[in-house]
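Below is one structure, written out as structure tokens; comments come after it.
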Amino acid sequence: MGGNLMAVSQISENSERLIYELIASITGHHIEDLDMDLYLESDLGLDSIKMITLMNELMKIIPQERLDDFSTKYPIESLLVLQKIGDIVEILEECGTEKKEQTQYLEICNAQYPFLISYYSISTITISSGVKVRGELNSNLLWESWKELILRHPILQSVFEMDKGAKTFKQYRLKIENNVIPPKLEDNDLRSFDVEQQGEFIKNKFQSAINKKFDIFTWPLHTVEVIRTGQQEYEIFLSINHTISDGLGNQQFLRELLEIYHSKIEGYPHNLPEIITCSKYNNIVSQMNQWHNDEENSNLETFLKNQGREKYFFNPFESSRKPVLESSGGINTKSQKFWIQEQIRESLLMRAKSWNTSLFVLLISAYLKTIRDYSEYRNSIILNLPTGGKVYPNVDATGILGAFAQNLALTFHCDHENEEWESFIKEIDREIKN
């Protein structure tokens, strides 16, 4: 009898924990603030859209062999009128939560394949970002915020797997890991260092991070650290593998992490959008991958003919053109991060503001102007410029974390010598926007 009581108690605890985690991820409420008697609408703010999201996630918890019976007994209409958290836990306990976790997979976006190639050919494609925060550090709440952020985005729960003996990237899959818990937050305390020593440590940290290779078959594919630089000042340092995120993704990660962290410190729900479900992510990526336009393809073919399409053979292991199919130890490369002085940075920002342009356009213009002044090929210059890659004619992935970045090839005609900076920048800005 004692064993049965323990089993029932375990099921009840599991059901309660699962529902609390689901509600917290959807509403932004803290798990510790939830209890069984809270009303879903009046206390937690679950409107009809959030209720549908909650119920869709609930259906994934039900054991597959009991799903038909559950749907018959509890049609979606009856689930949407449940009043309290306890009501959901009660019906979940009736069917039990001891099912074996179903493996879920994410669609691999076409834009991710170049990063997979780079992973093997460049040896490391880690992108790192940092943000400075002023205030007292609460490591526990920051870790909880990191955990909650992971549950909001399927891509942060993912890891690669491949078929045995895989010879193409089409034999790779992006698998969702179940019940992911982030590692302990690494805390680098530099409060006893002087400013110069702190700066040197942070530079070395970036340099080390961008040359550290993640194992894309082992979760997690990102890390978060803290660097304490003062009693009321610290930096949050993010490193992530480029196969699952990009530059915009890093910015979104840190922005949402700070939003969740701030809400936990202040004790109120955050205002972030609802969580991204696996099905929503797959639906968006699938539409991206399926997009096709004959006119665009024709324009691309014309562009490539005008540009020329030289072919190169790349084999870092040996000079032979015979493909290397057996496993190898990989290659070693080193990435170098360069820093500009604060005075130069401020000067660039001031110039960008005075000419009413972005820092990105200003740097591209300076690069093109240098080529024009020193190269014989100045009349027609092709640059591959980074784009977010999230907006397609048929779908918009704004707000979705993932590796969507793509390069856009643009041709610039820089045949006006001795042109003033301001007019030159306006031409470049117009070309990029068009």
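The values are calculated or read from the model by the stated rules, or taken from the named source; none is laboratory data. In this text, all values refer to a predicted model and were calculated from it rather than measured experimentally. Quick reminder, even Gly has a Cβ in these numbers, built from the backbone with ideal geometry, and neighbours come from all protein chains shown.
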(request) Determine, yes or no, whether residue 412 is at pLDDT below 90, within 29 Å of residue 115 (Cβ to Cβ) and touching a helix residue (DSSP H, G or I) at 6+ places or on another chain (Cβ under 6 Å). (result) yes
(request) Name the residue, out of 396, 373, that is more than 27 Å from residue 126 (Cα to Cα) and acidic (Asp, Glu). (result) 373
(message) Where the second residue is among the charged types (D, E, K, R) and the first is at negative phi and lies in the range 165-177, which pairs have Cβ atoms under 7 Å and are six or more apart or on separate chains?
(response) 171/163; 173/161; 175/161
(request) Restrict the check to the range 62-69 and report whether at least one residue is of a type outside the set (A, V, I, L, M) and under 17 Å from residue 20 (Cβ atoms). (result) no
(request) Just name the residue that is surrounded by the most Cβ atoms within 10 Å (Cβ to Cβ) out of those in the range 200-232 that are over 13 Å from residue 132 (Cα atoms) and small (Gly, Ala, Ser). (result) 209
(request) Answer yes or no as to whether residue 154 is surrounded by 12 or more Cβ atoms within 10 Å (Cβ to Cβ), farther than 24 Å from residue 336 by Cα and in contact (Cβ under 8 Å) with a residue 60 or more places away in the chain. (result) yes
(message) Can you find, within the range 138-149, the residue that is surrounded by the fewest Cβ atoms within 10 Å (Cβ to Cβ) among those that are over 17 Å from residue 27 (Cβ atoms) and of a type in the set (A, V, I, L, M, F, W, C)?
(response) 141
(message) I'd like to verify a number: residues in the range 266-307 that are closer than 19 Å to residue 109 by Cβ and in contact with a strand residue (DSSP E or B) (Cβ under 7 Å, 6 or more places away or on another chain), how many?
(response) 3
(message) Which count do you get for residues in the range 335-383 that are at pLDDT 85 or above and among the polar types (S, T, N, Q)?
(response) 9
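Listed here are the residues, each with its yes/no results for (1) modelled with pLDDT under 90; (2) crowded, with 17+ Cβ neighbours inside 10 Å; (3) aliphatic (A, V, I, L, M); (4) closer than 23 Å to residue 64 by Cα.
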{"position": "89", "(1), (2), (3), (4)": "yes, yes, yes, yes"}
{"position": "92", "(1), (2), (3), (4)": "yes, yes, yes, yes"}
{"position": "98", "(1), (2), (3), (4)": "yes, no, no, yes"}
{"position": "115", "(1), (2), (3), (4)": "no, yes, no, no"}
{"position": "121", "(1), (2), (3), (4)": "yes, no, no, no"}
(message) Being assigned to a helix (DSSP H, G or I) and free of Cβ contacts under 8 Å to residues at least 24 places away in the same chain is the filter here; which residues of the range 350-362 pass it?
(response) 350, 351, 352, 353, 354, 359, 360
(message) Among the numbered criteria (1) part of a helix (DSSP H, G or I); (2) within 23 Å of residue 210 (Cβ to Cβ); (3) without any contact (Cβ under 8 Å) to a residue 60 or more places away in the chain, which one does residue 373 miss?
(response) (2)
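Yes/no matrix, rows are residues, columns are (1) buried (at least 18 other Cβ atoms within 10 Å of the Cβ); (2) out of contact with any Asp or Glu (no Cβ under 6 Å at 6 or more places or on another chain); (3) modelled with pLDDT of 85 or more:
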{"residue": "74", "(1), (2), (3)": "yes, yes, no"}
{"residue": "83", "(1), (2), (3)": "no, yes, yes"}
{"residue": "95", "(1), (2), (3)": "yes, yes, no"}
{"residue": "132", "(1), (2), (3)": "no, no, yes"}
{"residue": "136", "(1), (2), (3)": "no, yes, yes"}
(request) Take residue 204 and decide whether it is farther than 19 Å from residue 115 by Cα and not hydroxyl-bearing (Ser, Thr, Tyr). (result) yes
(message) It is to be established whether one or more residues within the range 365-374 are outside the structural domain of residue 245 (by TED's automatic domain parsing) and touching a strand residue (DSSP E or B) at 6+ places or on another chain (Cβ under 7 Å).
(response) yes
(request) Scan 365, 347 and give me the residue that is part of a helix (DSSP H, G or I) and under 16 Å from residue 430 (Cα atoms). (result) 365
